[in-house]
Amino acid sequence: MTLTVKSVARVSLVSTLVLAAAGAALLSASPASGAASTLAAAAQQSGRYFGTAVAANKLGDSTYTGILNREFDMVTAENEMKMDATEPNQGQFSYGNADRIVNQARNQGKRVRGHALAWHSQQPGWMQNMSGTALRNAMLNHVTQVATYYRGKIYAWDVVNEAFADGSSGGRRDSNLQRTGNDWIEAAFRAARAADPGAKLCYNDYNTDNWSHAKTQGVYRMVQDFKSRGVPIDCVGFQAHFNSGNPVPSNYHTTLQNFAALGVDVQITELDIEGSGSSQAQQYQGVTQACLAVARCTGITVWGIRDTDSWRASGTPLLFDGNGNKKAAYTSVLNVLNDGTGGTTPPTSTTTTTSNPGGGGCTATYSEGEKWSDRFNGQVTVSGSDNWIVTVTVSSPQRIIATWNTSASWESANVMTARPNGSGNSFGFTISHGGNWNWPSVSCRVA
């Protein structure tokens, strides 16, 4: 993401992430005793990485590189590996600044995300003037040459970047690459696999955070199609640029989980959240928790180190201020990573059917609802009988703190019994999770 090339405007998300005051405990001034003291070390505890975007011209800044070397274990080049930087003239490749970033990262024991092989923006002038078969061949040659040059040095490539349109269509963005044929993305992925078979191959985009949005669904359908046909795709990147008009959606975890269920890793690739203080810290907290709650969310990358390094500097969107001091957002992320509050991700839904010995039976189906920093909602739908008893069992330290559309009683602190109250055959409840995000178990019997 760069200020000069990409549009700063973002489509406003309908849902907002509501974070309760109870989550403020995670915003304490320092990590708990014995906990990891850096972002990378804390993320590694759950097998994840925590990375940042790096600009080659800032590697001479000792404060910048000091934070980079201390805090992060994954590096993405901000602009130095994009098409205009690596092939300024057709057939003439330039890797000097990209090599500075790659070599610095690898010398420090860090891995590298390659960003990006094919994109409608930041194309060199010669490519902008091409079309049709000539452009297709030039694009594929670029993918092949750059991926081959860095073969074995890249953890994951953003093979294609931002190919879907904003708005309600859910379709592809109109671009010179798209006009070479609808299979251009598939062709780029196949070329990347041949050139660098050991790297993970990712599709990367923005405004794909809200599960209900058409753009998200469009990308989901493409990934689903690629997986069904054996097109080589290993991961999906969610840029995650948030602000007051485009906040973290309440269904963010659902989005990550549904993509992961297709058999791909999900990665938060360009995270920045405009704001300050506890509000910004809580938004960062929620994003980090969402990643931890999905087993295949393999890492988080923030798009820059200090606020003054950001393409959105006026919005102070990063974890360190302009002087390199840790912000409240930093501490909230570190504490969530140390706390491991994501837990193990349950299946998309859970259904239990119990037959009545006297004949008949009922089915109770659990579905995930909204998630906050300290709690989440669940809903149970019953079929097969209007005279049902559903048992909901939560696991410690969880507790059910609210119910609706049911008459509820408790067998113990962890077991609730729900019955109809005239509101239909669907009811819900709120669980205070206490760091345990696992879904409850449900069973149904006929009264």
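The values are calculated or read from the model by the stated rules, or taken from the named source; none is laboratory data. Quantities reported herein were computed from a predicted structural model and do not represent experimental measurements. Neighbour counts are summed over all protein chains in view; Cβ atoms, including those assigned to glycine, are modelled from backbone coordinates with ideal geometry. With ligands, DNA and RNA removed, areas are computed over all heavy atoms of the protein, side chains included. Shrake-Rupley method; radii C 1.70, N 1.55, O 1.52, S 1.80 Å.
Would you mind calculating the relative contact order of the chain from Cα pairs under 8 angstrom and at least 6 residues apart, reporting the percent as a whole number?
On the way: 1009 pairs, mean separation 66.5, N = 447.
Normalised by residue count, the contact order of the chain is 15 percent.
With every protein chain kept in the model, how would you rank Glu162, Glu186 by accessible area, 1.4 Å probe, largest at the top?
Details: Glu162 5, Glu186 35 Å².
So the residues, ranked largest to smallest area, are Glu186, Glu162.
For the pairs Lys110/Lys215; Lys110/Lys153; Lys200/Lys227; Lys82/Lys200, note any where the Cα-Cα span goes beyond 22 Å.
Beyond 22 Å: Lys110/Lys215.
Computed from the mean reciprocal separation of all distinct C-alpha pairs, what Kirkwood hydrodynamic radius does the stretch 386-447 have, in Å? The partial results should precede the final answer.
On the way: mean 1/r = 0.0842 Å⁻¹.
Answer for the stretch 386-447: a Kirkwood hydrodynamic radius of 11.9 Å.
Modelled label-to-label distance, Tyr149 and Ser37, 7 Å Cα→beta-carbon offset: nm?
Output for this residue pair reads 4.0 nm.
Among 80-93, 129-142, how do they line up from the highest to the lowest mean number of other beta-carbon atoms within 10 Å? Don't skip to the end; give the middle numbers.
Numbers: 80-93: 17.9, 129-142: 16.2.
Final packing ranking: 80-93, 129-142.
Treating the Cα atoms of the chain as identical point scatterers in vacuum, please give the log10 of the normalised Debye intensity I(q)/I(0) at q = 0.10, 0.11, 0.14 Å⁻¹, two decimals.
Debye intensities relative to I(0), on a log10 scale: -0.73, -0.86, -1.26.
Which residue fluctuates most in the GNM of the chain (Cα springs below 10 Å): Ile233, Ile401, Ile273?
Ile401
Near Tyr49, within a Cβ-to-Cβ distance under 14 Å, what is the net charge of the other residues, with Lys and Arg +1 and Asp and Glu -1?
On the way: positive: Arg48, Lys110, Arg111, Arg113, Lys200, Arg296; negative: Glu71, Asp73, Asp265.
Summing Lys and Arg as +1 and Asp and Glu as -1 gives +3.
Check cross-link reach from Lys327 to the aspartates and glutamates: straight Cα distance under 16 Å, and skip same-chain residues fewer than eight apart.
Glu71, Asp272, Glu274, Asp307, Asp309
As a test of the formula, what do you get for the chain when each DSSP H run with n ≥ 4 contributes -39,500 (n - 2.57) and the sum is divided by the residue count, at 222 nm and rounded to the nearest 500 deg cm²/dmol?
On the way: 11 runs with 119 residues, N = 447.
Value at 222 nm, helices only: -8000 deg cm²/dmol.
Mind ordering 112-122, 97-107, 58-68 by average Cβ neighbours within 10 Å, highest first?
The densest-packed peptide leads the list: 112-122, 97-107, 58-68.
Could you please report the charge total around Ala40, scoring K, R as +1 and D, E as -1 over all other residues with beta-carbon less than 9 angstrom from its beta-carbon? Display every interim value, and only then the final one.
Values: positive: Arg70, Lys110; negative: Glu71, Asp73.
It works out to a net charge of 0.
Using only Cα atoms, find the angle between the long axis of helix 214-229 and the longest principal axis of the chain, and express it within 0 to 90 degrees, rounded to the nearest 10.
Value to nearest ten degrees: 80.
Full extension from Ser131 to Ser94: what is 0.36 nm times the residue separation minus their Cα-Cα distance, to one decimal in nm? Don't skip to the answer; put the middle values down first.
Details: separation 37, 0.36 × 37 = 13.32 nm, distance 2.30 nm.
Residue separation times 0.36 nm, minus the Cα-Cα distance, leaves 11.0 nm.
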